[in-house]
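The values are calculated or read from the model by the stated rules, or taken from the named source; none is laboratory data. Given the structure is predicted, the values throughout are model-derived calculations rather than measurements. Note: ideal-geometry Cβ built from the backbone for every residue, glycine included; neighbour counts use all protein chains shown. For the accessible areas, the whole protein counts, side chains as well, though only heavy atoms, and no ligand, DNA or RNA atoms are used. Shrake-Rupley method; radii C 1.70, N 1.55, O 1.52, S 1.80 Å.
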Amino acid sequence: MPTKPVSAMVLAAGLGTRMQPLTDKMPKPLVPVAGKPLLDHVLDRLAEASVTTAVVNVHYLPDQIVRHVKTRQMPRVVISDERDEVLGTGGGVVKALPLLGDAPFYHLNADTMWIDGVHPNLLRLADAFDPARMDILLLMAPTANSIGYAGSGDYAMLTDGALRKRKEHQVVPFVYAGAAIMSPAIFRNAPAGEFSLTKIFDAANEQERLFGLRLDGLWMHVGTPDAVQAAEEALLASVA
């Protein structure tokens with residue numbers, strides 16, 4: 001049976017250094033794109049997927065984010081406060097696990113943006129997630145037509161969705177789009193303190209329980225001020 005997560009983790013604790021000067025006095029999740037903060041784009045996607053609780057972690061300029069989400073009703077936002085510690089993308093999830101429950105949950109970067117195709121990608125993730133053979137299902141964007149991305153990709157993907165990590169000097173066709181479904185069980189042996197979520201991805205990959213789903217639509221990598229403008233132009237074109 002498909003797993004439809006009702007909780008989500010949104011990573012919003014980064015320093016946003018590549019987005020300077022926009023982030024000199026504002027946390028990156030609140031940078032507006034097409035008239036709406038990045039974080040609201042993500043939370044609205046979660047609301048459309050019927051997620052009821054979103055755990056948002058904060059570190060840099062945390063009070064701005066806390067105030068911004070205070071009145072949010074759908075999903076209800078719970079703050080995981082990291083203002084006094086740096087936990088990284090992996091440690092941040094471990095700290096938030098007690099707030100996320102025992103079932104698989106959505107995991108999104110606060111700066112991930114995409115334009116859906118025919119079917120919403122978060123619902124497609126839920127339909128495709130099989131806890132019997134997966135610990136993590138990543139939304140994967142084709143590098144060829146992604147906006148604002150010029151890297152060498154993250155993974156190759158087999159016909160059954162199994163992922164194979166890019167080797168050094170290799171170019172692969174898919175990049176992680178910053179949205180996933182994860183089982184809490186994969187964090188059972190996670191290290192304490194600060195660490196990267198990549199360690200968890202690698203552990204799932206070694207156990208052949210890391211899978212990907214090709215994004216239907218258009219992914220936008222909003223990592224720099226220039227990328228904000230490119231994302232806005234793509235969004236405007238999609239509704240024209």
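Quick notes
- When segment 1-12 is filtered for residues that are modelled with pLDDT of 95 or more and either part of a helix (DSSP H, G or I) or not hydrophobic (A, V, I, L, M, F, W, C) (or both), the ones remaining, listed by number, are 5, 7.
- Here residue 42 fulfils each of the conditions (1) part of a strand (DSSP E or B); (2) among the aliphatic types (A, V, I, L, M); (3) in contact (Cβ under 8 Å) with a residue 60 or more places away in the chain apart from (1).
- In segment 112-123, the residues that are farther than 14 Å from residue 5 by Cα, in contact with a strand residue (DSSP E or B) (Cβ under 7 Å, 6 or more places away or on another chain) and not small (Gly, Ala, Ser): 112, 113, 114, 115, 116
- Test: residue 48 is touching a residue at least 60 places away in the same chain (Cβ under 8 Å) and open to solvent by 60 Å² or more (accessible area, probe 1.4 Å): yes
- Contact annotation: residue pairs with Cβ atoms under 6 Å, 6 or more positions apart or on different chains, pairing a residue in segment 11-38 that is at positive phi with a partner that is assigned to a loop (DSSP other than H, G, I, E, B) and of a type outside the set (Lys, Arg), are 16/23.
- Scanning segment 195-209 for residues that are under 18 Å from the mean Cα position of the chain (by Cα), farther than 13 Å from residue 155 by Cβ and open to solvent by 20 Å² or more (accessible area, probe 1.4 Å) turns up 196, 199.
- Residue, most open to solvent (accessible area, probe 1.4 Å), within segment 154-182, restricted to residues that are in a loop (DSSP other than H, G, I, E, B) and on the phi > 0 side of the Ramachandran plot: 169
- Any hit, segment 104-111, residues being modelled with pLDDT under 95 and not aromatic (Phe, Trp, Tyr): yes
Listed here are the residues, each with its yes/no results for (1) at pLDDT 95 or above; (2) charged (D, E, K, R); (3) open to solvent by 10 Å² or more (accessible area, probe 1.4 Å).
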site: 14; (1), (2), (3): no, no, yes
site: 17; (1), (2), (3): no, no, yes
site: 21; (1), (2), (3): no, no, yes
site: 24; (1), (2), (3): no, yes, yes
site: 32; (1), (2), (3): no, no, yes
site: 35; (1), (2), (3): no, no, yes
site: 44; (1), (2), (3): yes, yes, yes
site: 52; (1), (2), (3): yes, no, yes
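- Strands (runs of 3 or more DSSP E) within segment 60-150 that include 1 or more residues surrounded by fewer than 19 Cβ atoms within 10 Å (Cβ to Cβ): 76-81, 112-116, 136-142
- Given (1) over 30 Å from residue 85 (Cα atoms); (2) part of a loop (DSSP other than H, G, I, E, B), number of the condition residue 193 does not satisfy: (1)
- Scanning segment 210-220 for residues that are surrounded by fewer than 23 Cβ atoms within 10 Å (Cβ to Cβ) and assigned to a strand (DSSP E or B) gives 213, 214, 217, 218.
- Residue match in segment 26-49 (condition: over 16 Å from the mean Cα position of the chain (by Cα) and more than 18 Å from residue 227 (Cβ to Cβ)): no
- In segment 221-240, of all residues being in a loop (DSSP other than H, G, I, E, B), touching a helix residue (DSSP H, G or I) at 6+ places or on another chain (Cβ under 9 Å) and not polar (S, T, N, Q), the one that is surrounded by the most Cβ atoms within 10 Å (Cβ to Cβ) corresponds to 222.
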